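What follows is a short report on a single structure.
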Amino acid sequence: MQLAIENYTVTTALGLGRDALWRGLSESRSGLSPCDFEHADLDTWVGAVNSCDGDPLPAELEHWDCRNNRLAELGLQQDGFLHCVENAKKTYGADRVGLFLGTSTSGITATEHLYRQAQDGLEPDDFSFECNHEYFSVAGYVRTRLGLSGPAMVVSTACSSSAKVFASAARSIAAGFCDAAVVGGVDSLCLTTLYGFNSLQLVAAEPCRPSDANRNGISIGEAAGFALVVPAQVSNGVSNSGGNKPSVMGWGESSDAHHMASPDPAGRGAEAAMQRALTMAGLAPRAIDYINLHGTATPANDLAEGRAVVNVFGTETPASSTKGWTGHTLGAAGIVEAAIGWLAIEKNWKPQSLNTVSVDPEIKANILLQPSAKPVRHVISNSFGFGGSNCSLVLGWLP
Amino acid sequence: MMAKQMKAYVHGVGLAAPGLPDWQTGQAVFRGEVSYQAEPIVANKIQLLPRNEARRAGLSVRLAFQAAEEACVGINTATLASVFASSAADISIAEKICSDLADPAKSVSPTQFHNSVHNTAAGYWGIATGCREPANSVAGGIDSFLVGLREAWALLLSEVESVLLVCFDTEGSGLLHAVRPSIHASCALAMVLSRKESGAVACLSDLSQTDMAPTTFDNAELEHFRQHNPAARGFALLSALAAPGKSQVVVESRQGSLALSVDPLA
């Protein structure tokens, strides 16, 4: 099933909403900054959304308060998304709009805080397991905030989570469980991922340099992104601004069956994900104009992904990772990079691999070191995660 | 458009819970042939994983594997898609990591970190079976069983012929357990569902949203378990699978309960 994107929004370290993302991309301006996250003492750079420290949640929803749900709220307020959801509720009924959100750590900052309080001999204050810690917390919050009563789920497959939500939403619609869906991903900075990736020696001390010969790890970022999707055949194909609507033309999911924390060096799972997405979209590899790589900037990921890309597309198709702009937003990476794919199509513009100086000679894919302003009709976006979870999305216009 | 109709055939069932250590015992208990005795569950050693990985796996992975391995006896797992559903995945690892992070040294174990992701069980299952098919890992709070069942159902309808559904939730310990008093015990259950009839033990059909009262247990202990562990919400369906004849089950959910017909095949 092809999905029409009725509206989408993303909030990243480059700012609030998709215009801020586009400005950052087109100005080659990274959103990364030295890590000053509370209680973190690590020599690394992060892609922080500073304003999510600020505004609390609406008063009647304050029991959901945690950094992740604040970031979700901030994201929901951009690009007229709330209004768009209200319209969808009127059209389809609140009980026929599904909710499919990706996250890897949900509200674990609240749990980290709880343990610090306990360490200091304090009684836990207003902690709620259901509203803060649980994976479903972000969906519980967004469902309540949007007044949706259709099927709701969290997909949590580490860094592929918010790519896979498109697949889950599409098959739920195909099964008749709902008629439209809010999909997205929200992951926020926390000590668990900062110190966890650091323990695996996967965190770079400098801004990440995807595909670079001297790359040495990730820069962790945070983001919230949402899209309202309906089946392409029921969409009128014209966006609010009168332009064409973007779409998800196909997806491919696969498993590495190799290792929990490192990719199959041969990239077989990644290759299967890309092939399946192309097959579903009905496109030959040469129809893809730009590949948005998972491109975490770890030595192992970029090498394995490069192999898989060359096996599917050869060495010509322009490719880049955009994690030098946003950092690796983990469970939100899928939706952030889908948004970058739609922007690339809308603007006929391919982003370069920001911060990359010289491409690793072992990586034979066509890594863009400069932006390219050439027509972009179809994009493939890769999202791969721990546990060997792979998802590729083929993005395009509605016909 | 309402839910599309489909027959999903059950090809295997697995169970790992206190007093319900395997599906054979589960069938006898659910049929009322033996009384329910909540003896602690001891998770088996994982046979399918290399020794190092098996040693590192936490209770949630071991229980999920125990149920999944039982459900998959005689089934080719190398080409089987899967859905793993859990509200909290490996809660004991989250407890350990948050506790370590509260310490000034903030020393996190790298193995525990990569095993802290929700899809750890799905990832290890792929490694154990060599399966590169899609695997999803989903959460729905107390409704995680229903969320997993719906995802598996939708996969069967449009994308795959067979799917393994595994639901698990563990009790955890320490502070995270103290702030989650509603959880009861640790539990995993699994089912292989397929559109293929040959070799099936039961047929599921007529899946629909319902306002009917959920299917409950007369036995107070089992009913408490069903209400207080997300995976145990699936006991109602397992009980109907154990029954001699056709019945209708209502799986409870705050998202709207689901009714389905369960027809055990002779």
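Check whether at least one residue in region A:329-342 is in contact (Cβ under 8 Å) with a residue 40 or more places away in the chain, polar (S, T, N, Q), under 22 Å from A:L16 (Cα atoms) and not assigned by TED's automatic domain parsing to the domain that holds A:V49, and report yes or no. Checked against the condition, which is being in contact (Cβ under 8 Å) with a residue 40 or more places away in the chain, polar (S, T, N, Q), under 22 Å from A:L16 (Cα atoms) and not assigned by TED's automatic domain parsing to the domain that holds A:V49, region A:329-342 yields at least one hit. All of (1) surrounded by fewer than 24 Cβ atoms within 10 Å (Cβ to Cβ); (2) within 7 Å of chain A (Cβ to nearest Cβ); (3) in contact (Cβ under 8 Å) with a residue 40 or more places away in the chain; (4) farther than 18 Å from A:T109 by Cα hold for B:T111 with one exception: (2). Scanning region A:173-192 for residues that are crowded, with 24+ Cβ neighbours inside 10 Å and part of a helix (DSSP H, G or I) turns up A:I173, A:L191. Within the set A:Y141, A:Y195, the sole residue that is within 15 Å of A:T103 (Cα to Cα) and either in contact (Cβ under 8 Å) with a residue 12 or more places away in the chain or touching a Phe, Trp or Tyr at 6+ places or on another chain (Cβ under 8 Å) (or both) turns out to be A:Y141.
The requirement of being more than 14 Å from chain B (Cβ to nearest Cβ), part of a strand (DSSP E or B), modelled with pLDDT of 95 or more and surrounded by fewer than 24 Cβ atoms within 10 Å (Cβ to Cβ) is fulfilled somewhere in region A:212-222, by at least one residue. Of the residues examined, B:D263 is one that is of a type in the set (D, E, K, R) and crowded, with 17+ Cβ neighbours inside 10 Å. Inside region B:163-211, can you point out the residues that are closer than 30 Å to A:Y115 by Cα, surrounded by 24 or more Cβ atoms within 10 Å (Cβ to Cβ) and among the β-branched types (V, I, T)? Correct list: B:T170 only. When B:A152, B:A139 are checked against the criterion of being surrounded by 21 or more Cβ atoms within 10 Å (Cβ to Cβ) and more than 21 Å from B:I93 (Cα to Cα), B:A152 stands alone in meeting it.
For region B:126-138, the condition holds for at least one residue, the condition being that it is among the β-branched types (V, I, T), modelled with pLDDT of 95 or more and under 22 Å from B:R226 (Cα atoms). Filtering region A:89-109 to residues that are among the hydrophobic types (A, V, I, L, M, F, W, C) and buried (at least 24 other Cβ atoms within 10 Å of the Cβ) leaves A:V97, A:L99, A:F100, A:L101, A:I108. In region B:114-146, what residues are touching a residue at least 40 places away in the same chain (Cβ under 8 Å) and of a type in the set (S, T, Y)? The answer is B:T120, B:Y124, B:T129, B:S137, B:S144. Just one of the listed residues (B:E39, B:E69) is surrounded by fewer than 19 Cβ atoms within 10 Å (Cβ to Cβ) and either part of a helix (DSSP H, G or I) or of a type outside the set (G, A, S) (or both), namely B:E39.
One residue stands out among those in region A:141-160 that are of a type in the set (S, T, N, Q) and not in a helix (DSSP H, G or I): the one that is farthest from B:A88 (Cα to Cα), which is A:S149. Taken over region A:149-191, the criterion of being more than 14 Å from B:A139 (Cα to Cα) and more than 10 Å from chain B (Cβ to nearest Cβ) is satisfied by A:A163, A:F166, A:A180, A:A181, A:V182, A:V183, A:G184, A:V186, A:D187, A:S188, A:L189.
Every residue, every condition in (1) over 15 Å from the mean Cα position of the chain (by Cα); (2) within 14 Å of chain A (Cβ to nearest Cβ); (3) closer than 30 Å to A:S199 by Cα, yes or no:
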residue: B:G12; (1), (2), (3): no, no, no
residue: B:W23; (1), (2), (3): no, no, no
residue: B:F30; (1), (2), (3): yes, no, no
residue: B:A43; (1), (2), (3): no, no, yes
residue: B:I46; (1), (2), (3): yes, yes, yes
residue: B:S60; (1), (2), (3): no, yes, yes
residue: B:L80; (1), (2), (3): yes, yes, no
residue: B:S99; (1), (2), (3): yes, yes, yes
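Would you check if A:K164 is under 27 Å from B:Q209 (Cα atoms), without any contact (Cβ under 8 Å) to a residue 12 or more places away in the chain and among the basic types (K, R)? Considered against the rule, which asks whether it is under 27 Å from B:Q209 (Cα atoms), without any contact (Cβ under 8 Å) to a residue 12 or more places away in the chain and among the basic types (K, R), A:K164 comes out as no.
In summary, A:R145 fulfils each of the numbered conditions (1) at the interface with chain B (Cβ under 9 Å from one of its Cβ atoms); (2) surrounded by fewer than 24 Cβ atoms within 10 Å (Cβ to Cβ) with the single exception of condition (1). Output yes when any residue across region A:38-55 is touching a residue at least 40 places away in the same chain (Cβ under 8 Å), assigned by TED's automatic domain parsing to the domain that holds A:P151 and surrounded by fewer than 17 Cβ atoms within 10 Å (Cβ to Cβ), and no when none is. The answer is yes, given that some residue of region A:38-55 is touching a residue at least 40 places away in the same chain (Cβ under 8 Å), assigned by TED's automatic domain parsing to the domain that holds A:P151 and surrounded by fewer than 17 Cβ atoms within 10 Å (Cβ to Cβ).
The values are calculated or read from the model by the stated rules, or taken from the named source; none is laboratory data. These numbers come from a predicted model, not from an experiment. Quick reminder, even Gly has a Cβ in these numbers, built from the backbone with ideal geometry, and neighbours come from all protein chains shown.
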